[in-house]
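Student: Have a look at this one.
The values are calculated or read from the model by the stated rules, or taken from the named source; none is laboratory data. For clarity, every value in this text was computed on a predicted model and none was experimentally measured. Glycine also receives a Cβ, built like all others from the backbone with ideal geometry; neighbour counts cover every protein chain displayed. Accessible surface is based on the protein model in full, side chains and every heavy atom, while ligands, DNA and RNA are left aside. Shrake-Rupley method; radii C 1.70, N 1.55, O 1.52, S 1.80 Å.
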Amino acid sequence: MTKTVNHWIGGKTAEGASGTYGPVTDPATGEVTTQVAFATAEEVDAAVAAAKDAFATWRHSSLAQRTSILFKFRALLDEHRDEIAALITAEHGKVHSDALGEVARGLEIVDLACGITVQLKGELSTQVATNVDVASLRQPLGVVAGITPFNFPAMVPMWMFPIAVACGNTFVLKPSEKDPSVSLKIAELLAEAGLPDGVFNVVHGDKVAVDRLLEHPDVQAVSFVGSTPIARYIHTTASAHGKRVQALGGAKNHMLVLPDADLDAAADAAVSAAYGSAGERCMAISAVVAVGAIGDELVEKIRERAEKIKIGPGADPSSEMGPLITAAHRDKVASYVSGAAAEGAEVVLDGTGYTVEGYEDGHWIGISLLDKVPVTAKAYQDEIFGPVLTVLRVDSYDEGIALINASPFGNGTAIFTRDGGAARRFQLEVEAGMVGVNVPIPVPVGYHSFGGWKDSLFGDHHIYGNDGTHFYTRGKVVTTRWPDPADAPAGVDLGFPRNH
């Protein structure tokens with residue numbers, strides 16, 4: 001019998017009432033293993049109502065209570081990390097080691113939330129005028145929502161809700177319908193840690209659930225990670241309904257390789273950054289920009305390394321890359337490779353048509369490497385979100401930086417060089433939100449914020465770090481005047497001298 005993933009509302013499982021379900025597939029076998037309930041607008045309303053009821057008391061809970069629960073949750077996450085990673089592998093397809101890494105990166109933000117007391121300290125100025133003090137403080141917003149993608153079903157929600165609830169908000173999560181089981185496991189662990197009912201809720205579904213969250217008058221803020229077209233829609237729609245929005249979109253991350261770079265290190269970095277997690281991550285390097293005469297040697301080094309990657313089921317410890325999330329996505333990724341030569345690119349490695357013995361119905365695709373790709377090619381212009389690396393050739397640093405800055409995306413970028421002056425220029429001149437110097441995937445640590453520029457981010461706040469705290473709180477300034485006790489009216493004796 002097919003397993004069913006239901007909602008989590010008010011501290012317990014809530015069976016889907018719509019009668020509509022979506023299939024969840026094991027990408028390694030192509031087999032539908034699970035069905036996930038799709039919420040109606042009314043079921044979303046029930047989750048928001050549970051969160052609103054919980055906010056009335058949670059907002060007044062002490063920081064000590066909130067962080068104590070988060071510390072317990074962190075311990076439970078650590079204890080169950082293998083189980084969570086196995087759920088990720090079963091529904092997403094990424095290899096187990098990669099799934100464990102995802103959980104570890106999520107734990108990093110839980111760590112940050114456990115220390116939220118430092119971020120929530122206010123400011124005080126005394127005696128700004130006679131007997132007048134001014135204080136600034138931050139307070140929670142209320143019910144906030146997170147809409148998260150399939151590629152990191154544990155990590156991205158943990159980029160949101162730990163900080164949100166630590167700040168005193170309550171949370172409604174709408175995870176991807178393609179790999180929903182992790183969200184329910186997280187909800188169970190939060191309940192086990194002692195989180196009050198209704199503080200964290202999960203509703204599954206499609207556009208019906210998303211739109212209701214964007215329109216609901218009791219949802220104060222929306223966090224989103226996904227593609228650029230949907231991020232733009234989320235931002236426009238939620239903003240029109242008066243909500244605070246952080247919507248992180250797509251990417252086309254470039255790696256500029258200068259002639260003085262260590263080409264072995266650059267090739268290692270390009271292969272891991274382009275093909276890790278089968279390229280299904282917004283911080284993947286998908287475009288290498290080779291400067292000068294190094295292009296041929298660099299491409300050959302990348303090819304040699306890429307051909308050695310072992311592709312297989314994520315649960316197999318020997319696998320280094322797993323399948324793609326769905327057959328439809330696999331076919332779309334393959335189309336960029338199949339059409340590349342006609343658009344002027346040189347196909348060095350063609351991963352289309354790849355299969356794994358014994359798993360022929362899985363969503364497999366091999367490694368693809370495209371060289372001398374023109375900027376007009378769809379394989380360069382679009383976010384492919386698969387194991388396809390494009391290489392572009394330029395004659396100079398200036399030509400390379402101009403090419404990168406012409407991209408509509410500005411998520412992450414990297415430079416490989418031994419020259420500190422060139423690296424310094426690059427980090428100041430490149431138009432991207434996250435920059436790596438000899439680091440191919442510059443995802444910031446938890447106490448620095450994650451976010452891009454241009455079409456990679458809609459809204460003013462990046463995610464987690466200080467920006468996360470600011471996004472999930474709003475500032476208030478209190479100006480206070482207390483008359484001196486010695487100035488009390490005659491007849492009121494507070495024991496203060498009257499000769500000051």
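Student: Identify, by number, the condition in (1) outside any strand (DSSP E or B); (2) on the phi < 0 side of the Ramachandran plot; (3) open to solvent by 10 Å² or more (accessible area, probe 1.4 Å); (4) not basic (K, R) that G353 doesn't meet.
Tutor: (2)
Student: So which residues in segment 117-151 are β-branched (V, I, T) and modelled with pLDDT of 95 or more?
Tutor: T126, V128, V132, V134, V143, V144, I147, T148, listed by residue number.
Student: Right, another one. Suppose we filter segment 30-49 for residues that are hydrophobic (A, V, I, L, M, F, W, C), in contact with a Ser or Thr (Cβ under 8 Å, 6 or more places away or on another chain) and either farther than 23 Å from D179 by Cβ or assigned to a loop (DSSP other than H, G, I, E, B) (or both); how many remain? Give the derivation first.
Tutor: Going residue by residue through segment 30-49, those that are hydrophobic (A, V, I, L, M, F, W, C) are 32, 36-39, 41, 44, 46-49.
Going one step further and asking which of them are in contact with a Ser or Thr (Cβ under 8 Å, 6 or more places away or on another chain), we end up with 32, 36-39.
Add one more test, that the residue is either farther than 23 Å from D179 by Cβ or assigned to a loop (DSSP other than H, G, I, E, B) (or both), and what stays is 38-39.
Going through segment 30-49 one residue at a time, the tally reaches 2.
Student: Within segment 358-371, can you find the residues that are free of Cβ contacts under 8 Å to residues at least 40 places away in the same chain and more than 16 Å from I309 (Cβ to Cβ)? Walk me through how you get there before you give the answer.
Tutor: The initial filter retains those residues of segment 358-371 that are free of Cβ contacts under 8 Å to residues at least 40 places away in the same chain, namely 358, 360, 368, 370.
G358, E360, L370 - these are the residues of segment 358-371 that are free of Cβ contacts under 8 Å to residues at least 40 places away in the same chain and more than 16 Å from I309 (Cβ to Cβ).
Student: Grab the helices (runs of 4 or more DSSP H) fully contained in segment 361-457, keeping just those with 3 or more residues being modelled with pLDDT of 95 or more and open to solvent by less than 50 Å² (accessible area, probe 1.4 Å).
Tutor: Details: elements: 378-381, 397-406, 420-429.
Per the criteria, 397-406, 420-429.
Student: I would also like to ask the following. What strands (runs of 3 or more DSSP E) lie completely within segment 132-244 and have 2 or more residues being free of Cβ contacts under 8 Å to residues at least 12 places away in the same chain and more than 21 Å from the chain's Cα centre (by Cα)? Steps first, answer last, please.
Tutor: Details: elements: 132-140, 143-147, 170-174, 200-202, 219-225.
Hits in segment 132-244: none.
Student: Kindly provide the set of residues from segment 101-124 that are surrounded by fewer than 19 Cβ atoms within 10 Å (Cβ to Cβ), more than 18 Å from S68 (Cα to Cα) and either without any contact (Cβ under 8 Å) to a residue 40 or more places away in the chain or β-branched (V, I, T) (or both), ordered by number.
Tutor: Hits for segment 101-124 are G101, A104, G122, E123, L124.
Student: How about segment 3-22: which of its residues are in a strand (DSSP E or B), under 11 Å from V36 (Cβ atoms) and either open to solvent by 30 Å² or more (accessible area, probe 1.4 Å) or among the β-branched types (V, I, T) (or both)?
Tutor: As a first pass, look at segment 3-22 and keep what is in a strand (DSSP E or B): 3-5, 7-9, 12-14, 21-22.
Adding the requirement that they be under 11 Å from V36 (Cβ atoms) leaves 3-5, 7, 21-22.
The answer is K3, T4, V5, Y21.
Student: Tally time: how many residues in segment 331-350 are part of a strand (DSSP E or B) and open to solvent by 50 Å² or more (accessible area, probe 1.4 Å)?
Tutor: If we filter segment 331-350 for residues that are part of a strand (DSSP E or B), which is where we start, we get 346-349.
Then keep just the ones that are open to solvent by 50 Å² or more (accessible area, probe 1.4 Å); that gives 346-347.
Of the residues in that region, 2 qualify.
Student: In addition: Counting only residues that are more than 30 Å from P27 (Cα to Cα) and touching a Pro at 6+ places or on another chain (Cβ under 9 Å), which one in segment 125-164 is most open to solvent (accessible area, probe 1.4 Å)?
Tutor: Our first condition is that a residue be more than 30 Å from P27 (Cα to Cα); within segment 125-164, this holds for 125-144, 163-164.
Cutting the leftovers down to touching a Pro at 6+ places or on another chain (Cβ under 9 Å) gives us 131, 164.
Values: N131: 52, A164: 0 Å².
The extreme case among them is N131.
Student: Oh, and also: Could you say which residue among A41, A46 is open to solvent by less than 70 Å² (accessible area, probe 1.4 Å), at pLDDT 95 or above and either under 21 Å from F150 (Cβ atoms) or touching a helix residue (DSSP H, G or I) at 6+ places or on another chain (Cβ under 8 Å) (or both)?
Tutor: Numbers: A46 fails: either under 21 Å from F150 (Cβ atoms) or touching a helix residue (DSSP H, G or I) at 6+ places or on another chain (Cβ under 8 Å) (or both).
Selected residue: A41, the only one of A41, A46 that is open to solvent by less than 70 Å² (accessible area, probe 1.4 Å), at pLDDT 95 or above and either under 21 Å from F150 (Cβ atoms) or touching a helix residue (DSSP H, G or I) at 6+ places or on another chain (Cβ under 8 Å) (or both).
Student: Can you say whether A231 is modelled with pLDDT of 95 or more, over 25 Å from S449 (Cβ atoms) and not aromatic (F, W, Y), as far as the supplied structure shows? Talk me through it step by step, then tell me what you get.
Tutor: Numbers: modelled with pLDDT of 95 or more: yes; over 25 Å from S449 (Cβ atoms): no; not aromatic (F, W, Y): yes.
No.
Student: Hey, can you tell me all the residues within segment 306-330 that are open to solvent by less than 60 Å² (accessible area, probe 1.4 Å) and either closer than 30 Å to T417 by Cβ or aromatic (F, W, Y) (or both)? Break it down into steps so the answer makes sense when it comes.
Tutor: Within segment 306-330, the subset open to solvent by less than 60 Å² (accessible area, probe 1.4 Å) is 306, 309, 311-314, 316, 318-319, 321-327, 329-330.
Residues satisfying the conditions are A306, I309, M321.
Student: Quick one: would you say K308 is without any contact (Cβ under 8 Å) to a residue 60 or more places away in the chain, out of contact with any strand residue (DSSP E or B) (no Cβ under 9 Å at 6 or more places or on another chain) and over 19 Å from A377 (Cα atoms)?
Tutor: Working: without any contact (Cβ under 8 Å) to a residue 60 or more places away in the chain: yes; out of contact with any strand residue (DSSP E or B) (no Cβ under 9 Å at 6 or more places or on another chain): yes; over 19 Å from A377 (Cα atoms): yes.
Here the answer is yes, as K308 does meet what is asked.
Student: Then there's this: Note down all Cβ pairs under 9 Å where the first residue falls in segment 324-335 and is more than 15 Å from K94 (Cβ to Cβ), the second is open to solvent by 40 Å² or more (accessible area, probe 1.4 Å) and modelled with pLDDT under 95, and they're at least six residues apart or on different chains.
Tutor: Pairs found: A334/G353.
Student: Write out, first by first residue and then by second, each pair whose Cβ atoms fall under 9 Å of each other, whose residues are 6+ apart or on separate chains, and whose first residue, in segment 465-483, is open to solvent by 90 Å² or more (accessible area, probe 1.4 Å) while the second is of a type in the set (D, E, K, R).
Tutor: From segment 465-483, the pairs are R474/R138; R474/R244; K476/R138; T479/D133; R481/D133; W482/D133.
Student: Continuing with the same structure: Within segment 181-225, work out how many residues are under 21 Å from A37 (Cβ atoms), open to solvent by less than 20 Å² (accessible area, probe 1.4 Å) and of a type in the set (G, A, S).
Tutor: Here the count works out to 6.
Student: Scan segment 458-491 for residues that are in a helix (DSSP H, G or I), modelled with pLDDT under 95 and among the hydrophobic types (A, V, I, L, M, F, W, C) and jot them down.
Tutor: A486 - this is the single residue of segment 458-491 that is in a helix (DSSP H, G or I), modelled with pLDDT under 95 and among the hydrophobic types (A, V, I, L, M, F, W, C).
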